[in-house]
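Structure first, commentary second.
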């Protein structure tokens with residue numbers, strides 16, 4: 001089972017996105033654990049828990065390097081347009097490419 005975290009400034013904005021991504025994973029028979037975290041909580045999480053993919057919300061794209069320094073997970077930036085429009089289909093495609 002692959003582990004994915006979606007990180008935004010406080011971790012609140014991504015809650016709905018995580019729900020939708022979990023639904024898409026189930027529909028596509030992808031075995032994924034997907035969590036939502038705030039910036040600092042996310043950094044601590046990836047330091048201590050094996051994670052396969054980190055999806056960063058646009059407001060924390062500037063933290064990409066900090067995440068890459070503390071994890072072997074693939075760190076991806078969610079495109080601003082996809083994030084603002086809650087385009088979970090596009091975000092899920094990006095996620096699928098990272099885990100395949």
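Read-outs throughout are calculated quantities, based only on the coordinates presented, and are distinct from any laboratory measurement. Since the structure is predicted, the reported quantities are computational estimates derived from the model, not experimental observations. All Cβ positions, even for glycine, are placed from backbone atoms using ideal geometry, and neighbour counts span all protein chains on display.
With neighbours defined as other Cβ atoms within 10 Å of a residue's Cβ, the residues 23, 50, 9 order from fewest to most as 50, 23, 9. Computed per residue of the chain from DSSP H runs no shorter than four, each worth -39500 (n - 2.57), the mean residue ellipticity at 222 nm is -14000 deg cm²/dmol.
Using every pair of separate Cα atoms, the Kirkwood estimate puts the hydrodynamic radius of segment 2-99 at 13.0 angstrom. Net length available on complete extension from residue 48 to residue 1 is 15.2 nm, with 0.36 nm assigned per residue and the Cα-Cα distance removed. Ordered by the count of other Cβ atoms within 10 Å of each Cβ, fewest first, 3, 36 give 3, 36.
Which part of segment 31-47 falls in the paramagnetic zone of residue 19, meaning amide N under 16 Å from the point 7 Å along Cα-to-beta-carbon? Flagged as within label range: 34-37. Highest mean first, the peptides 78-84, 40-46 sorted by other C-beta atoms within 10 Å per residue fall in the order 40-46, 78-84.
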